[in-house]
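Just below is one structure, and these are the notes that go with it.
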Protein chains: 2
Amino acid sequence: MSEPTRRERARAATDREIRQQARTLLINEGPEAVTLRAIARQLGITAPALYRYYSSREDLVHHVRMDICADLAADLTTDLAEIPEGETVRQVLTICRGFRRWALDHPREFSMVFATPQGGPDDLSADPFGRIFLSVAGQVLITKQLTPPPDDTVPPAMRADLEDFRADLLATIAQTGVDVPDDILSIGTTYMILQFWVRLYGQVALEVFGHFPMLISNTEDFFEVMLAELVADAGLGWDEEPNRSP
Amino acid sequence: MSEPTRRERARAATDREIRQQARTLLINEGPEAVTLRAIARQLGITAPALYRYYSSREDLVHHVRMDICADLAADLTTDLAEIPEGETVRQVLTICRGFRRWALDHPREFSMVFATPQGGPDDLSADPFGRIFLSVAGQVLITKQLTPPPDDTVPPAMRADLEDFRADLLATIAQTGVDVPDDILSIGTTYMILQFWVRLYGQVALEVFGHFPMLISNTEDFFEVMLAELVADAGLGWDEEPNRSP
DNA sequence: AGAGTCAGTGAACGGTGTTTACCGAGTTGC
DNA sequence: GCAACTCGGTAAACACCGTTCACTGACTCT
């Protein structure tokens, strides 16, 4: 069992090569260039051979999508490792900046993962990026006093969904080893996390797709201003941020 | 000159049919189904004939994109026509709801126009959707007292861009016939309009792409809550909204 | 009436995803 | 050790794609 046969190792290796080559083509020449024949050509094999690994082009693309998510999560984890344990605000900032940077550096991967209508509501715990996002949210929840909107501003029709989401959040966070008491995650806070994601995503997507209604020469600053507002609105202080004197 | 020859009228007619057929294919079978041969087949002609109208498939797709924008703008204009002149808050709500509804009803058109990395910074005055968005913004600016962030919260590095954008805004609004005194459009207000667009776009795109981190059974309510917050943050009151008793 | 314009055609080229039948090296069971 | 089997890879074929090119034939203008 711990003895993968030679065949199995070879298979796993070419499988990795296929997906790697697919991504190289995606990055360098765009999504329409990632074709089975091109991939096979680069690998020195023929196109039908790929059907031993994936049932169709769509199937391959799907797996590539998952790889991309995993890589993004790995990137963010690396960034995060450099931030000391307790400084949760810096962790939040780091992950947001890391997400933006990754999106700008990998626009084609970004739009493949975050801007294709395909796919039902994604299971956040399956998506590694979701995992890391929620894990940071968990750390914030424990160590910082948040100022969420009072629960009664949330309309009744949303409560059930938010309850479910809260359960998801708690489960996902518990899985990462962090311990979150139930009462710290109010419905209002849950709603706030959603809003956080909406604004972060909107900003990054608009920047990647170039759909800001104006020419922005310094998008970096624009993002930082938005991020500062976002953090302030979430009730996180700047107290841990060294770049800010009182 | 006012006498379009029979040839010219025929040409314009088939041109419309081509783009119409392309959109039908896009809506019913997705972007990869909009192929020159399929379009020609539906029209009862052969594929090379399309090259009399467009220099390439990409060229056709580009024009289809413009058509989609024009249709969206027309939709929103129709919605807007039913709102009395003075009730600017309702106009804002109408246009935001209309944008969301259109995006959900036409997900493939939406992602083609609003979620493709292609294209540099788009000229908002060329895009008819941008026109209508800005025209409403203009009406709001004249008739409502806004509470924008004070100008000095805007970092210096962004000021130049915002100045340019403000000029664009004023020019676009002036083109619609609405008269806006220069001083009403502060830098802070300009920044606020940008933020408004970021949050609206983020919410709608996430809903269309199904990338909310939770299952939302009632997305309608979620949108309405976000919209209410958005309007409140923009400093617009609910005073004109009849569904809200004091 | 003759010249010219031009939408549309048919054939062809090189590319694509996918299926099918086949080969042959690696693995497995006896 | 050898037969049986598994299975990654191949070649050929099919239907489709975008695009080019030489050509036709009806409409338009002078």
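The values are calculated or read from the model by the stated rules, or taken from the named source; none is laboratory data. Only a predicted model underlies this, so the values are computations on that prediction, with no experimental measurement involved. FYI the Cβ positions are ideal-geometry reconstructions off the backbone, even for glycines, and counts take in every protein chain you see. Surface areas here come from the heavy atoms of the whole protein model, side chains and all, with no ligands, DNA or RNA. Shrake-Rupley method; radii C 1.70, N 1.55, O 1.52, S 1.80 Å.
Values computed for the structure shown
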quantity: Number of the condition not met by A:LEU60 [criteria: (1) within 22 Å of the chain's Cα centre (by Cα); (2) more than 9 Å from DNA strand C (Cβ to nearest atom); (3) surrounded by 18 or more Cβ atoms within 10 Å (Cβ to Cβ)]; calculated: (2)
quantity: Sole exception among (1) more than 11 Å from every other protein chain (Cβ to nearest Cβ); (2) open to solvent by less than 20 Å² (accessible area, probe 1.4 Å) for A:ALA74, by number; calculated: (2)
quantity: Subset of the range B:18-57 (residues that are on the phi > 0 side of the Ramachandran plot and open to solvent by less than 20 Å² (accessible area, probe 1.4 Å)); calculated: B:GLY30
quantity: Set B:GLU8, B:GLU32: member being more than 14 Å from every other protein chain (Cβ to nearest Cβ) and within 12 Å of DNA strand C (Cβ to nearest atom); calculated: B:GLU8
quantity: The listed residue being modelled with pLDDT under 85 and surrounded by fewer than 16 Cβ atoms within 10 Å (Cβ to Cβ), out of B:ASP182, B:ASP168; calculated: B:ASP182
quantity: Spans of helices (runs of 4 or more DSSP H) in the range B:1-93 with at least 2 residues assigned by TED's automatic domain parsing to the domain that holds B:GLN139; calculated: B:57-81
quantity: Criterion violated by A:ARG166 - all others in (1) within 10 Å of chain B (Cβ to nearest Cβ); (2) in contact with a Ser or Thr (Cβ under 7 Å, 6 or more places away or on another chain); (3) in contact (Cβ under 8 Å) with a residue 60 or more places away in the chain satisfied; calculated: (3)
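Residue-by-condition table, conditions (1) touching a helix residue (DSSP H, G or I) at 6+ places or on another chain (Cβ under 6 Å); (2) within 16 Å of DNA strand D (Cβ to nearest atom):
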position	(1), (2)
A:ILE39	yes, yes
A:LEU50	yes, yes
A:LEU60	no, yes
A:VAL89	no, no
